[in-house]
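See structure below.
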Amino acid sequence: MKTEIREKVDVCVIGAGHAGCEAAIACARLGLETVIFTVSVDSIALMPCNPNVGGSSKGHLVRELDALGGEMGKNIDKTFIQSKMLNVSKGPAVHSLRAQADKADYSRSMRHVLENQEHLTIKQAEVCELLWENLENGQKKITGVKTFTGAVYECQAAVLCTGTYLRARCLCGESITYTGPNGLQAATHLTDSLKKMGIELRRFKTGTPARMDKRSIDFSKMEEQFGDERVVPFSFSTDPETVQKEQVSCWLTYTNEKTHEIIRNNLDRSPIYAGIIEGTGPRYCPSIEDKVVKFAEKERHQVFIEPEGLYTNEMYVGGMSSSLPEDVQLAMYRTVPGLENCKIVRNAYAIEYDCINAKQLYPSLEFKNINGLFSGGQFNGSSGYEEAAAQGLMAGINASMKILGKEPLILDRSESYIGVLIDDLVTKDNREPYRMMTSRAEYRLLLRQDNADIRLRKKGFEVGLISEEQYNALLKKEELIEKEISRLKNTSVGANKEIQAFLEKHESSTLKTAATLAELICRPELSYDILSEIAKEREPLPDSVIEQVEIEIKYEGYIERQKRQVEQYKKMEKKLIPETINYDDASSLRLEARQKLKEFRPVSVGQASRISGVSPADISVLLVYLEQLNHNSSKNGFDN
Ligand SMILES: Cc1cc2nc3c(=O)[nH]c(=O)nc-3n(C[C@H](O)[C@H](O)[C@H](O)COP(=O)(O)OP(=O)(O)OC[C@H]3O[C@@H](n4cnc5c(N)ncnc54)[C@H](O)[C@@H]3O)c2cc1C
């Protein structure tokens, strides 16, 4: 006789990719009984595309996630094989850490964390159905999930992190397979259940390049790319001395006219250009076909050859993702200097999958019309491991806060890239996979990757993911920074012979009158380190403190100006819009604005101002209407 398996837990996390891992670990660390589902336990934290974590703006996300108590930063510090701080020739706002990962080791290490996490159970099973009940207010409330084998897991909250697996199909020229990445099983049943719950779905696509056998590559025709001599860890909890190790190289080569000609001659066989692919692809991660068509004037495109790990000969061909047929792929790759005799281990391919438009979510990443259902990652319409992990953490934290009866953690655009990411996803009508970029963050001089702990560690401590010890270490760091900045601002040096000689040595203009050490540090040719020559008595300080002191002093003017802009921004964010507002009553609002506001139902005037189609004039009308509403309700004895 068949017995139905019925388990009772607090949270079900559907997906063990970069989003699901962060969500599940957060819930379990906050003491909630959590089950994490995946179609294959061997693919936990799989990197189906580029073998690296971080890079421009993505490094910021990883640092912020780490400051809040997430896992990705620690995991890449344990499994990286090359590390580089990007954009060091530019200002600190765009300095970004990027590390090459040993993919197999990254997945193994994250699996180890999950397997040893208290309150967390891993289940290899395809979730096919969400279970719910209807509430009196017409909303639905999640009550559980059902797997392909019929097992039921009752829960108070669920987090959807299905990535690129929902009704996935992979395309390599005319060859189409109905699988997830790397030939893994696709999740083909859940979509119908989501649609039944009233969730709108759409098709997105992304692509990956071929993997080559290292022994078939001629590296003498490429430029070797080295990691940094002194490695900076991603995690604020990682001791920098533990990440100083031997590193592998990456290699740079280029496509050429022969490559482009082969692609142009075979565009009719590309599923993208033949219209076979339905899903919309990422503008900022274009396939090589797209690059050749859209940037026809470019004679060559960069190609980065990156190792996939220490114990594999597979090399990733960065910059040449494609879905052209296998024979065309071989021909095009073999025109690239160094790849003339390349052997393809895995073909390039494109993958299509179901995902949502995140405007269906609150900034807490909970569905507006389904109580207790949250989502994160590629399923929300983003692209990238880091974007996924950041959302997964926030969805996990907020599912936990909901169960624990606490306020959700909402980060705004002036506090973090995570705030920018989620606000853009839930407020902007993104028609393609969303990828983070520094240009998306208005206040990027304040949102640097080096001060993520100062910006966010307190919030991680308040939600319960950061320990007292970690939080006290941050308070100590802040105290040291403040003390040293004050010392430098209040310590003057005279225009004496020793100082003048020091300034001449560093080709810096000599002093006419006394100057503070802070004023000297502001000189581009001088720095905190250089000043050690004339400030022999000073206490030794940790590198991370010196970094903050120097940036705060050198960029003080810009930082202060940006802080004033943030004050303006926060004023609008604080102007909340009542959930019950009926925009049709605001008759002087333009029709388009009314339609958009009804569609997005923003939580604040600030969020309303970022919805495309809502103009500044509409915002003024809305502010007046809210004043009237306030006035009427206080006249009738209600508070808004
Ligand atoms: C071919 C390819 C190319 C890519 N190219 C790029 C790129 O160029 N640039 C870029 O930034 N990113 C790229 N990515 C995206 C990147 O891989 C993702 O952004 C990232 O992996 C998303 O993480 P995630 O946690 O949201 O989902 P995923 O890593 O996809 O993980 C999803 C998880 O959900 C599980 N799952 C799904 N449905 C179910 C179900 N019903 N029941 C149980 N388990 C389920 C799966 O087993 C898996 O564990 C690419 C991905 C692929 C596959």
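The values are calculated or read from the model by the stated rules, or taken from the named source; none is laboratory data. Quick caveat: nothing in here was measured; it's all calculated off a predicted structure. Quick reminder, even Gly has a Cβ in these numbers, built from the backbone with ideal geometry, and neighbours come from all protein chains shown. SASA here: full protein model, heavy atoms, side chains in, ligands and nucleic acids out. Shrake-Rupley method; radii C 1.70, N 1.55, O 1.52, S 1.80 Å.
May I ask you to rank Asp429, Asp543 by accessible area, largest first, using a 1.4 Å probe over the protein chains only?
Values: Asp429 35, Asp543 110 Å².
Reading off the accessible areas and sorting them downward yields Asp543, Asp429.
Calculate the spin-label point distance for Arg431 paired with Thr510, positioning each point 7 Å from the Cα along the beta-carbon direction, and give it in nanometres.
6.5 nm
Counting just the Cα atoms, what span does segment 575-632 cover along each of its three principal axes? Round to the nearest Å and put the largest first.
29, 20, 18
What is the diffusion coefficient of the chain in µm²/s, taking the Kirkwood radius over Cα pairs and the Stokes-Einstein relation at 4 °C with a viscosity of 1.567 mPa s? Before the final figure, lay out each step's value.
Working: Rh = 26.6 Å.
Reported coefficient: 49 µm²/s.
Leaving out ligands, DNA and RNA but keeping every protein chain, what accessible area does Val624 have, in Å² rounded to the nearest 10, with a 1.4 Å probe?
Solvent-accessible area, nearest 10 Å²: 80 Å².
What is the extension gain from Glu599 to Glu154, computed as 0.36 nm multiplied by their sequence separation minus the C-alpha to C-alpha distance, in nm to one decimal?
Details: separation 445, 0.36 × 445 = 160.20 nm, distance 3.16 nm.
Full-extension gain reported as 157.0 nm.
How large is the charge dipole for segment 200-315, taken about the Cα centre, if only the Cβ atoms of Lys, Arg (+1) and Asp, Glu (-1) carry charge, to the nearest 20 debye? Could the numbers behind the result be given before it?
Details: 17 positive and 21 negative charges, 111 e Å.
My answer is approximately 540 debye.
Check the straight Cα-Cα distances from Lys84 and name the aspartates and glutamates below 14 Å, setting aside those fewer than 8 residues away within the same chain.
Output for Lys84: Glu224, Asp228, Glu229, Glu246, Glu306.
Please report the orientation-averaged projected area of segment 211-349, defined via the convex hull of its C-alpha atoms, in nm². Working shown, then result.
Details: hull surface 41.2 nm².
The number I arrive at for segment 211-349 is 10.3 nm².
Given the convex hull over the Cα atoms of segment 329-459, what projected area results after averaging over all orientations, in nm²?
Here the figure is 11.4 nm², rounded to one decimal.
Counting only other residues whose beta carbon sits under 13 Å from that of Leu503, what net charge do I get with K and R as +1, D and E as -1? Display every interim value, and only then the final one.
Working: positive: Lys497, Lys505, Lys512, Arg523; negative: Glu498, Glu504, Glu507, Glu519, Glu525, Glu533.
Its environment carries a net charge of -2.
Where the centre of each part is set by its Cα atoms, how far does segment 265-335 sit from segment 509-535, in angstrom?
If we compute the Cα centre of each part, the gap is 51 Å.
For the pair Glu498/Arg108, report the inter-label distance in nm, with labels modelled 7 Å from Cα in the Cβ direction.
Calculated label separation equals 5.6 nm.
Put +1 on the Cβ of each Lys and Arg and -1 on the Cβ of each Asp and Glu in segment 575-632; which of Ala593, Ser609, Leu576 then has its Cα farthest toward the positive end of the dipole?
It is Ser609, whose Cα lies furthest towards the positive end.
Exceeding 22 Å between C-alpha atoms, which entries from my cross-link table qualify? They are Lys483/Lys512; Lys141/Lys428; Lys512/Lys563; Lys205/Lys428; Lys368/Lys575; Lys146/Lys406.
Details: Lys483/Lys512 28 Å; Lys141/Lys428 26 Å; Lys512/Lys563 33 Å; Lys205/Lys428 19 Å; Lys368/Lys575 20 Å; Lys146/Lys406 28 Å.
Listed pairs above 22 Å: Lys483/Lys512; Lys141/Lys428; Lys512/Lys563; Lys146/Lys406.
Determine the shape class of segment 461-587: with a ≥ b ≥ c the square roots of the Cα gyration tensor eigenvalues, call it rounded for a/c under 1.5, and otherwise prolate if a/b is greater than b/c, oblate otherwise. Could the numbers behind the result be given before it?
Numbers: a/c = 4.39, a/b = 1.98, b/c = 2.22.
Oblate shape, in that a/c is at least 1.5 and b/c is the bigger or equal ratio.
Calculate, in nm to one decimal, what Glu533 and Glu468 gain on full extension: separation in residues at 0.36 nm each, minus their alpha carbon distance.
19.6 nm
Under the 0.36 nm per residue contour assumption, what length would be gained going from the current alpha-carbon distance of Lys294 and Asn137 to full extension? Numbers along the way, then the final one.
Numbers: separation 157, 0.36 × 157 = 56.52 nm, distance 4.97 nm.
Extra length available between Lys294 and Asn137 comes to 51.6 nm.
Put +1 on the Cβ of every Lys and Arg and -1 on every Asp and Glu Cβ in the chain; which of His119, Gly405, Leu32 then has its Cα farthest towards the positive end of the dipole?
Gly405
Can you figure out the FRET efficiency of Asn632 with Lys563, using R₀ = 35 Å and their beta-carbon distance, to the nearest 0.05?
On the way: r = 36 Å, r/R0 = 1.04.
Computed FRET efficiency for Asn632 and Lys563 comes out at 0.45.
Can you give me the accessible area per residue for the chain, using a 1.4 Å probe, in Å²? Kindly include the intermediate steps, with their values, before the conclusion.
Details: 27900 Å² over 640 residues.
The answer is 44 Å² per residue.
Could you sort out which of Lys258/Lys298; Lys58/Lys123; Lys258/Lys343 sit more than 21 Å apart by Cα distance in this structure?
Working: Lys258/Lys298 13 Å; Lys58/Lys123 30 Å; Lys258/Lys343 19 Å.
Long pairs (Cα-Cα over 21 Å): Lys58/Lys123.
Using R₀ = 25 Å, calculate the FRET efficiency as 1/(1 + (r/R₀)^6) where r is the Cβ-Cβ separation of Thr177 and Leu267; round to 0.05.
E between Thr177 and Leu267, to the nearest 0.05, is 0.70.
Between segment 358-394 and segment 44-89, what is the separation of their alpha carbon centroids in Å?
If we compute the Cα centre of each part, the gap is 20 Å.
Under 18 Å from a label point 7 Å along Cα→Cβ of Lys221: give me every residue in segment 263-282 with its amide N that close.
263
Can you pull the percent of segment 431-541's accessible area that's carbon plus sulfur, 1.4 Å probe, other chains left in place?
Details: 3040 of 5940 Å².
Answer for segment 431-541: carbon and sulfur cover 51 percent of the accessible area.
For segment 116-271, which whole-number percentage of the solvent-accessible area (1.4 Å probe, protein heavy atoms only) is attributable to carbon and sulfur atoms?
Numbers: 3590 of 7480 Å².
Looking at segment 116-271 in its full context, I get 48 percent from C and S.
Using a 1.4 Å probe and counting only protein heavy atoms, arrange Ser323, Ser509 so the residue with the most accessible area comes first. Spell out each step's value before the answer.
Details: Ser323 0, Ser509 75 Å².
Putting Ser323, Ser509 in descending order of accessible area: Ser509, Ser323.
Run the simple label-point estimate for Asn490 and Ser89 please: 7 Å along Cα→C-beta, distance reported in nm.
Between Asn490 and Ser89, the label points sit 4.1 nm apart.
Can you give the charge dipole size of the chain about its Cα centre, rounded to the nearest 20 debye, using +1 on the beta carbon of Lys and Arg and -1 on the beta carbon of Asp and Glu?
On the way: 83 positive and 92 negative charges, 245 e Å.
Dipole of the chain, to the nearest 20 debye: 1180 debye.
Between Ser615 and Asp228, what FRET efficiency follows from the Cβ-Cβ distance if R0 is 41 Å, with the result rounded to 0.05?
That pair, Ser615 with Asp228, gives E of 0.30.
Give the carbon-plus-sulfur fraction of the accessible surface of segment 575-632 in %, rounded to a whole number; probe 1.4 Å, heavy atoms of protein chains only.
Working: 1670 of 3010 Å².
In segment 575-632, the share of accessible area belonging to carbon and sulfur is 55 percent.
Please report the relative contact order for the chain, taking Cα pairs under 8 Å with a sequence separation of at least 6, and give it as a percent rounded to a whole number. It would help to have the intermediate numbers written out before the result.
Numbers: 1343 pairs, mean separation 102.1, N = 640.
Computed value for the chain: 16 percent relative contact order.
Could you give the dipole magnitude of segment 575-632 about its Cα centre, charging the beta-carbon of Lys and Arg +1 and that of Asp and Glu -1, in debye to the nearest 20? Spell out each step's value before the answer.
Working: 7 positive and 7 negative charges, 36 e Å.
The calculation lands at about 180 debye.
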